[in-house]
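Below is one structure; the comments refer to it alone.
The values are calculated or read from the model by the stated rules, or taken from the named source; none is laboratory data. Note that this is a predicted model, so its numbers are computed, not measured. Methodologically, a virtual Cβ is constructed for each residue, glycine included, from the backbone with ideal geometry; neighbour enumeration extends over all protein chains shown. These accessible areas exclude ligands, DNA and RNA; they are computed on the full protein's heavy atoms, side chains included. Shrake-Rupley method; radii C 1.70, N 1.55, O 1.52, S 1.80 Å.
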Amino acid sequence: MREENKLADMARSFTRSHGSPLSRCIGALDLILMPIRKPPDHLSPRKYICRKGHYALPVQVMCDYSSKFLFMSGLAAGEMYYSRAFAVSIISDALANNVLPKGFRI
């Protein structure tokens, strides 16, 4: 129950600070393409060329109401679509396994 109280506090703070219409939202999740140098040949550099034509890693980040990082994942290669990058992330797996208590949102 203590964890749920902490999440409820996070959700109230998120709503107050951002005027979010979503109730029980604990954080915001987004993905950014981080430019990188060409990876070594043994890592198949072509896999790291993003849709914008340069080498990159898609990095997913979740922040709380004060922009504090709660989660970060850089497991996907640059050529991967955002939805696929999310699907292979730890947070996607956690959400699929109902780690977040019922009623809370990201």
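The table below gives the values:
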| item | result |
| --- | --- |
| Value of Rg to Rh for the chain (Rh from inverse mean 1/r over Cα pairs, i.e. Kirkwood) | 1.08 |
| Aspartates and glutamates whose Cα lies under 17 Å from that of K102, excluding same-chain neighbours fewer than 8 positions away | E3, E4, D9, D93 |
| The chain: chymotrypsin sites (Phe, Trp or Tyr not before Pro) in DSSP coil with no more than 14 other Cβ atoms inside 10 Å | Y81 |
| Heavy atoms of I90: accessible area, 1.4 Å probe, square angstrom to 10 | 110 Å² |
| Inter-label distance, nm, simple model (7 Å from Cα along the C-beta direction), I49/E4 | 5.2 nm |
